[in-house]
1. If we keep just the residues of the range 170-191 that are at pLDDT 95 or above and among the small types (Gly, Ala, Ser), which is farthest from residue 308 (Cα to Cα)?
2. Looking only at the range 324-365, count how many residues are assigned to a strand (DSSP E or B), small (Gly, Ala, Ser) and without any contact (Cβ under 8 Å) to a residue 24 or more places away in the chain.
3. What's the number of the only condition in (1) outside any loop (DSSP other than H, G, I, E, B); (2) modelled with pLDDT under 95 that residue 127 fails to meet?
4. Under 7 Å by Cβ, and 6 or more places apart or on different chains, what pairs join a residue from the range 241-268 that is of a type in the set (Phe, Trp, Tyr) with one that is assigned to a loop (DSSP other than H, G, I, E, B) and crowded, with 17+ Cβ neighbours inside 10 Å?
5. Hey, does the range 280-293 have a residue that's without any contact (Cβ under 8 Å) to a residue 60 or more places away in the chain, surrounded by 20 or more Cβ atoms within 10 Å (Cβ to Cβ) and outside any strand (DSSP E or B)?
6. Does residue 368 satisfy being of a type in the set (A, V, I, L, M), in a loop (DSSP other than H, G, I, E, B) and in contact (Cβ under 8 Å) with a residue 40 or more places away in the chain?
7. Could you tell me which residue of the range 294-323 is nearest to the chain's Cα centre (by Cα), considering only residues that are outside any loop (DSSP other than H, G, I, E, B) and within 18 Å of residue 142 (Cβ to Cβ)?
Amino acid sequence: MPSKNRFITFIAVIQAILFLAHFFLYESWTFATKGTSVASQLGLKAALGLLSLSFVGASLLAFRYTNAVVRALYHASAVWMGLLSFLLFGTLAAWIIFGVSTVAGLLLNFHRTVEILWGIALILGIGGVFNASWTRITNATVTLSNLPAAWRGRRAALISDLHLGPVRNGSFLRRMVVKILELEPDAIFIAGDLFDGTAIDAHKAMEPLRQLAAPHGVYFVAGNHEQFGSDNKFIHAVAAAGIRVLSNEKVDVDGLQIVGVPYNNAVHQSRFAAVLHAIDLDKDRASILLTHAPDHPEVAEAAGVSLQLSGHTHLGQFIPWSWMARRVYRQFVYGLSRIGNMQVFTSSGAGTWGPPLRLGSNPEIVLLEFQ
């Protein structure tokens, strides 16, 4: 009961914020305008009112149902959420300009300022939608101490955060599989959030993954979206597709230690440390840790990990949230970084969560070459 009450409270808070955000748009659009008919005002209120309800409503439906209507509704409302973010910051900028100009004694047309900034916001948002569908290949070279001779020059593909669900589905996964296979990697790492956590036929969604293969294995570790509740259906579907699921364990591949710790165990510092201690890494040999989020790299470094591979951050997905992601994850928010004797590579991910927009971050598949 307490968890249900927390969920209801969370939904109510989010919905209240969305109501206020849409009210802010309405008041800003109608501020200092003359001659607007009552019918136009009512029409705008009704449209914004429906839009304010759309994302929460579509999300609740998407967690219970998977059909074409729900997917279309969720996709449209998610795009609107992204555009709303740009519109809100454009509106805020309009008020700042209006305030400064008023203090300076300048007479600016506030409504025209809003029109211009909203136009820019919509262009940026639409550009972000297209950018989110353009997957790049990011190449990186990683030099590891005590790397087994067999692994020198080998390459591994890293992919994370596909978020299969209402927005991205089997056709998207098929494209990602084709792109990865074209790279001919020696190993493949899937760093969590393969699923969005919404209602989905997990086994059917995993069919394209059956084609994914590499000479030295394909490895998966669960992310937070697989573990919103029980992750059994997701884990079973991934395993049934022939992918090696790593759950608090280590495998030895030609002398390289490959370790996987799922999100729920890695997000808690003490639990993460205990799991890595139980795995008992050989600190004199090179190792790769696959874990979804770069939350506690200091714990992995203390355990003797050579390289941590993660995703989760999405690099904030789009401005200004990308700036916030940088503040939270610091140097570990994206790309190759170092802490002590360990290196960390954090991918921005291949898919999106919520708004299917990217601006200031790119969807990617990472190709790592080991030296």
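The values are calculated or read from the model by the stated rules, or taken from the named source; none is laboratory data. Bear in mind the structure is a predicted one, so any value in this text is a computation, not a measurement. FYI the Cβ positions are ideal-geometry reconstructions off the backbone, even for glycines, and counts take in every protein chain you see.
1. By that ranking, first place goes to 187.
2. Counting residues in the range 324-365 that are assigned to a strand (DSSP E or B), small (Gly, Ala, Ser) and without any contact (Cβ under 8 Å) to a residue 24 or more places away in the chain gives 1.
3. (2)
4. Once the first residue is of a type in the set (Phe, Trp, Tyr) and sits in the range 241-268, its partners that are assigned to a loop (DSSP other than H, G, I, E, B) and crowded, with 17+ Cβ neighbours inside 10 Å give 263/192; 263/222; 263/223; 263/224; 263/227; 263/292; 263/293.
5. No, because not a single residue in the range 280-293 is without any contact (Cβ under 8 Å) to a residue 60 or more places away in the chain, surrounded by 20 or more Cβ atoms within 10 Å (Cβ to Cβ) and outside any strand (DSSP E or B).
6. When the stated conditions are applied, residue 368 does not pass them.
7. 310
Okay, residues lined up against (1) crowded, with 19+ Cβ neighbours inside 10 Å; (2) of a type outside the set (Ser, Thr, Tyr):
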site	(1), (2)
320	no, yes
328	no, yes
332	yes, yes
338	no, yes
342	yes, yes
347	yes, no
350	yes, yes
355	yes, yes
